[in-house]
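Scroll down for the structure; my scribbles are underneath it.
Read-outs: derived from the displayed coordinates by stated rules, not from any lab. Bear in mind the structure is a predicted one, so any value in this text is a computation, not a measurement. Cβ: placed from backbone, ideal geometry, glycine included. Neighbour counts: every protein chain shown.
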Amino acid sequence: MEQSLFLPAELDFILSNVHYTHSEIKLNVVSSQIASQCPICQSISTKVHSRYLRMISDLPVSGKIATINLQVRKFFCENSACIRKIFSERFKQQLKSYARRFERLNELLSSMGLDLGGNVAHRVGKLCFLRISASTILRLVIKSPIQTIVAPKIIGVDDWAFKKRMKYGTIIVDLEKNKVIELLPDREAKTLSKWLEQHPSVEIVSRDRSSTYASAITEANKNIVQIADRWHILANLTEGFEQFLNTQRQSIKEVAVELTSTNAVEAVENPPPVVEIENDIELYQVQSMSKYHDKFLKTKQLQIEGYSKRMIAKLLEMSRNTVLKYWNMSSFLPKVGKKRNNLLDYEDYLTQRWNEGEQNVKNLYAEIREKGFKYQIRSVYELMQRYPKTIINVIPEMVKVKYYSSKQLSIWLGTFRKDWSDELPKTYLAKLINDNPIIRKVRNAVLNFKRFMKDKTGEKLVPWCKNIIEDEAEHIKRFARGILNDYQAVYQGFESNWSNGPVEGQVNRLKTIKRQMYGRASFELLRKRVVITSKR
Ligand SMILES: [Zn+2]
């Protein structure tokens, strides 16, 4: 009874006695096998040569670390022709030759290591009364066998960064089972085609747009159906659209400026309040500031009177950049210090105090100094200058032209209008489309492409590409040529239900595991953890 409670049932052991303390339990055990088999010649021997003690670790017992002191025998090999004269007793599956842990403990440790990594498994193990080092756990993980999937048919491949921009690998996912089958140590064509040759059951491969994987698949087996992944196709399309928008920066800016200046002129009528001057140094600082303020007001005046930017720059002896800046500002906001200070961190507090009635800059300065502001009072003057003196609760806002990056615009404009969320600058986007016929035309082409993909109408691909190549912008043409070069796979991408979606998911899981290993993961260790723990 006691024995079956403690020891693996299959082993022919006899429990002779048990010792325990508050933290540990020690079992003294002898083997009851009558004979053992020579590992070299396989003959059975009963002739005992000697005995020794071997310490074996096991699963914990009742919250105690468990150790077995096993009396192991050495046998003579009785086959005179055998080169081995003496050998150590061999046991059944649970205790391999020379092992110092039962197999059931090894299995638990490698499972923990696969899921948690060496360090965490070691710490959790400690909490569970297992005294095993992280490196031992990792050794067990490396030794864990990968169960191969029988005859995978539909797979997805993609690359993943082992070290970003330095070293990449390839991930292979069984799309039917959504399970990682293999990690390859690089993203070379020959590595993938070799793997495919070893797995002739594969019929369909979903992949990115790179020619490397495409040629690897063709090389391995011409009959494999290739699917260009939808996500990658759309990413290429958006990229082409972005590059096209880069050629349209001038009109993108013009539309932004036009929209802003229509509601930005009235500020001239309400110049910012004058700051009370308390000493000479401050007088000088404020004066030098008001010089800019002066120029700002004059610019605005000339702007209203209808002068061009070029003319204003000439008349006021200012750079055209500064004129453009003032042109687009509705009220004067002096620069807050040339050095970057942290005044803006205190702006909410200053606004609140100002609205509460504290409008003395010196007092406010003293207050924020106590809160940790370390710079000079000057920057506080500069900021507070635009606060209205007596009117409480009305702080003028500076209207600034918003420029959007081509990347941002390629995403927004590449979305159907009905899907525009309320956070988007809808008026601006609508004006941009309306005012610029080339942007409108290319955008329509982009949207059509997306519509065909959504409707799975692959037959519209060729006419679309031909149309583009005849008369659209260069960057979109390049995209269209790429589609024609990879036509069969893109057509499948339109028509097929398979895609690299699950592969992306698995790559994310891989990244999480890699991050847990703090960049110290060897490829083999990562491979074992990613493949074995994929949907166990
Ligand atoms: Zn032998």
With the 8 Å Cα cutoff and a minimum separation of six or more residues, segment 2-100 has a relative contact order in percent of 26
Cross-link reach from LYS295 to aspartates and glutamates, straight Cα distance under 14 Å and at least 8 residues apart if same chain, gives GLU317
About its Cα centre, the chain carries a charge dipole, from +1 on Lys and Arg Cβ atoms and -1 on Asp and Glu Cβ atoms, whose size in debye to the nearest 20 is 1860
Here the gain from full extension of MET517 to ASP186, 0.36 nm per residue of separation minus their alpha-carbon distance, amounts to 117.2 nm
Here segment 299-305 yields Karplus 3J(HN,Hα) values (6.51, -1.76, 1.60; θ = phi - 60°; whole Hz; Gly and Pro given as x) of 4, 4, 4, 5, 4, 5, 6
Mean Cβ-within-10 Å packing, highest first, puts peptides 227-237, 315-325 in the order 227-237, 315-325
Farthest towards the positive end of the dipole of the chain, among SER410, VAL490, ILE56 and with Cβ unit charges of +1 on Lys and Arg and -1 on Asp and Glu, lies the Cα of ILE56
Farthest towards the positive end of the dipole of the chain, among THR21, VAL462, VAL225 and with Cβ unit charges of +1 on Lys and Arg and -1 on Asp and Glu, lies the Cα of THR21
Rounded to the nearest Å, the spacing of the alpha-carbon centers of segment 136-163 and segment 54-123 is 27
Total charge of the residues flanking ALA235 in space, meaning their Cβ is under 11 Å from its Cβ, with Lys and Arg +1 and Asp and Glu -1, is -2
Cα-based Rg/(2.2 N^0.38 Å) for the chain, rounded to two decimals, is 1.57
Footprinting proxy, SER80, SER405: sorted fewest to most Cβ within 10 Å, the residues are SER80, SER405
Using alpha carbon centers only, segment 447-514 is separated from segment 224-251 by a whole-angstrom value of 9
The answer for the net charge of residues other than THR322 whose Cβ lies under 11 angstrom from its Cβ, with Lys and Arg +1 and Asp and Glu -1, is +3
Restricting to lysines and to Cα separations under 22 Å from LYS163, and discarding same-chain partners fewer than 8 apart, the set is LYS190, LYS511, LYS514, LYS528
Contour minus Cα-Cα span, SER32 to ASN434, at 0.36 nm per residue, comes to 135.5 nm
Working note, segment 2-100: Cα radius of gyration (Å, one decimal) and Dmax (Å, whole number) are 15.0, 52
Exposure-ranked with fewest Cβ neighbours within 10 Å first, THR512, THR170 stand as THR512, THR170
Contact order relative to length for the chain, counting C-alpha pairs under 8 Å separated by 6 or more residues, stands in percent at 14
Surrounding charge for ALA366, neighbours by C-beta under 12 angstrom, Lys/Arg +1, Asp/Glu -1, total +1
Looking only at aspartates and glutamates whose Cα falls under 19 Å of LYS477's and that sit 8 or more positions away or on another chain, we get GLU239, GLU242, GLU459, ASP486
